[in-house]
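Comments concern the structure below.
Derivation of every value follows stated rules applied to the coordinates shown; laboratory data play no part. This structure is a prediction, so every number in the text was calculated from the model and none was measured. When we count neighbours, we look across all protein chains shown, and the Cβ atoms used for this are built from the backbone with ideal geometry, even at glycine.
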Amino acid sequence: MLSVRFWGDRGSIPCPGPATVTYGGNTSCLEIRADQRLVIVDFGTGIKPFGDWLMANDFKKGPIDADIFITHTHWDHIMGFPMFTPIFIPTSKLRIRGPVSYEDDTLEAIIGAQLSYRYWPIRQSELSAQIEYDQIRETSLDLGGGLWVTTKYLNHPILCLGYRFEYRGKSIVTAYDNEPFRNLFPVDPADPGYDEDAAREGALVAREENEKLLRFFLNADILVHDSQYTASEYESHLGWGHSSYEHAINSANKARVKKLVLFHHDPNRTDRQLEQLENEYRSRIRGKTGMEIMMAREGLTVEA
C-alpha cells in the first residue's frame with residue numbers, strides 16, 4: 001500500500017490559533033508509507049508532532065529508519081528539524097536529500113545552522129542519530145524494495161524539487177512550492193523593451209516547461225499541489241513562487257490525476273474560508289471529471 005498523511009500543510013509561517021484548528025497551522029510535513037517503508041517530505045513545523053507520534057508508535061517496533069526529502073531550504077520547510085525527536089536517538093537512521101541553490105553552503109550546513117547556540121540550545125555536532133545528507137538535482141533514485149523516486153525542478157525563487165514516488169504500480173507526486181512558468185519578455189510591440197524573437201522564444205520556453213510538469217504529473221494516483229492563492233490573488237503575487245487553485249485543478253485534470261490534494265495554504269486563510277473554497281471547487285468540477293479534489297488538513301490520510 002502507498003499512502004500519504006499530512007502533518008503540516010501551511011505555507012510561509014506557522015499560524016496556530018482558533019481560526020486554523022480544522023485544517024491545521026503547521027508548515028509543510030508529509031508522511032509517505034510504502035507498506036512498512038517510511039518517507040518524509042519536508043521538515044516544516046509539522047515534523048514536531050510527527051516525531052512525537054513516531055516515538056510513541058514506530059519506535060516500539062524498532063529503530064526509526066527514514067528517507068527524508070526536502071523540497072527546498074526556505075525556512076518554513078526546514079524550521080522543524082531541531083524539534084524532530086528521532087535526531088536525538090542513537091539508533092535512528094535518517095537519509096536526508098534535497099536541492100541547494102547557488103551557494104557555498106551544503107545541505108547539511110544549511111539545515112544544521114539552525115542548531116547553533118544563537119538559535120537553539122543544542123549544536124548539530126551533539127545529535128545522536130545516524131544522519132546522511134545528499135544534495136540532489138533532477139534524477140531518479142531506487143530506494144529499494146520496489147520504491148522509486150523521480151525529481152523535477154519546479155518554478156520557485158530558489159531551487160525547489162517536486163517528487164514522484166512510485167511503488168507497485170501506484171504513485172504520489174508533490175509539486176510545491178511552484179508557480180506556473182510564464183513568458184518574462186514583453187509581448188506588446190508598443191513596449192520599449194519589446195523584441196519579437198525574445199517574446200516568441202519566451203512563450204515557447206514557458207509552454208515547454210509547463211508541459212514537462214504535466215508529464216511529471218501524468219496519471220498520478222495522488223498529486224499534492226501548491227495552491228496558496230485564488231486566481232484573483234495570484235495576479236498580485238506574480239514571481240512569489242506559488243500557484244492558484246484554478247491552475248492546480250486545471251493541470252491535474254489535464255494530467256489525468258486521480259486525486260488532487262490542494263496544499264500550502266496561505267497563513268491568513270481561515271478554516272471557514274478553506275471549507276468554502278473546497279466546496280466551491282468541488283462543485284465547479286462535479287460531473288466534468290472523475291478526479292477527486294480535497295484540501296490538505298492535518299491528520300488527513302490519502303491512499304493511492
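Projected label points at LYS61 and ARG95, each 7 Å from Cα along the beta carbon direction, are separated by 1.9 nanometres. Here the calculated FRET efficiency for GLU108 and GLU235, from their Cβ-Cβ distance with R0 = 51 Å, stands at 0.85, rounded to the nearest 0.05. The residues packed around ILE68, meaning those with a beta-carbon under 13 Å from its beta-carbon, carry a net charge of -3 if Lys and Arg are +1 and Asp and Glu are -1. Scalar couplings 3J(HN,Hα) for region 25-42, obtained by applying the Karplus form with A = 6.51, B = -1.76, C = 1.60 to θ = phi - 60°, are x, 7, 7, 3, 7, 10, 10, 10, 10, 10, 6, 8, 6, 10, 10, 10, 10, 6 Hz; x denotes Gly and Pro. Neighbour counting of Cβ atoms within 10 Å sorts the residues ARG5, ARG207, fewest neighbours leading, into ARG207, ARG5.
Taking a point 7 Å out from the Cα of THR22 in the direction of its Cβ, the residues of region 283-302 whose backbone N falls within less than 12 Å of it are 295, 297. Note on MET294 and GLN36: with the Förster distance fixed at 35 Å, the Cβ-Cβ geometry gives a FRET efficiency of about 0.85. Beta bridges from DSSP with both residues in the chain: antiparallel share about 50 percent, rounded to the nearest 5.
To the nearest ten degrees, helix 196-217 and the longest principal axis of the Cα atoms of the chain are 40 degrees apart. Inter-label distance, ARG272 to LEU218: 4.5 nm, where each label sits 7 Å from its Cα along the C-beta direction.
Here the contact order of the chain, divided by its residue count and restricted to Cα pairs under 8 Å and six or more residues apart, works out to 19 percent.
Helix 271-285 and the longest principal axis of the C-alpha atoms of the chain enclose an angle of approximately 50°.
From the alpha carbon centroid of region 28-87 to that of region 157-173 is 17 Å. Charged neighbours of ARG137, selected by a Cβ distance under 12 Å, balance to 0 (K, R count +1; D, E count -1). Mind scanning LYS152/LYS259; LYS93/LYS212; LYS152/LYS258; LYS48/LYS170; LYS93/LYS254 and naming the pairs with a C-alpha gap bigger than 31 Å? Exceeds cut-off: LYS93/LYS212; LYS93/LYS254. At an R0 of 41 angstrom, the distance between the Cβ atoms of TYR194 and ILE13 translates into a FRET efficiency of 0.60. Around the amide H of ASP65, modelled in the peptide plane, lie the amide H atoms of LYS93, all under 5 Å away and 5 or more residues distant in sequence or on another chain. Highest mobility in the GNM of the chain, judged by mean-square fluctuation with C-alpha springs under 10 Å and restricted to PRO16, PRO99, PRO189, is found for PRO189.
Excluding GLY11 itself, calculate the net charge of residues whose Cβ lies under 10 Å from the Cβ of GLY11, where each Lys or Arg counts +1 and each Asp or Glu counts -1. Within the 10 Å Cβ shell, the charges total -3. Give the shape of region 36-159 as rounded, prolate or oblate, defined through the alpha-carbon gyration tensor: a ≥ b ≥ c are the square roots of its eigenvalues, a/c under 1.5 means rounded, and otherwise the shape is prolate if a/b is larger than b/c and oblate if not. Verdict is oblate for region 36-159. Taking 19 Å as the cut-off, the amide N atoms of region 212-245 that come nearer than this to a point 7 Å along the Cα-to-beta-carbon line of ASN279 belong to 230.
If only the Cβ of Lys and Arg carry +1 and only the Cβ of Asp and Glu carry -1, the dipole of the chain around its Cα centre is close to 1280 debye. A cut-off of 5 Å between modelled amide H atoms, ignoring neighbours fewer than 5 places along the same chain, links ILE96 with ILE68, GLU132, TYR133, ASP134. Where only DSSP H runs of four or more residues are counted, the chain gives -6500 deg cm²/dmol as its mean residue ellipticity at 222 nm, each run worth -39500 (n - 2.57). Compute the angle between helix 245-254 and the longest alpha-carbon principal axis of the chain, please, reported from 0 to 90 degrees and rounded to the nearest 10. For helix 245-254, the angle is close to 90 degrees.
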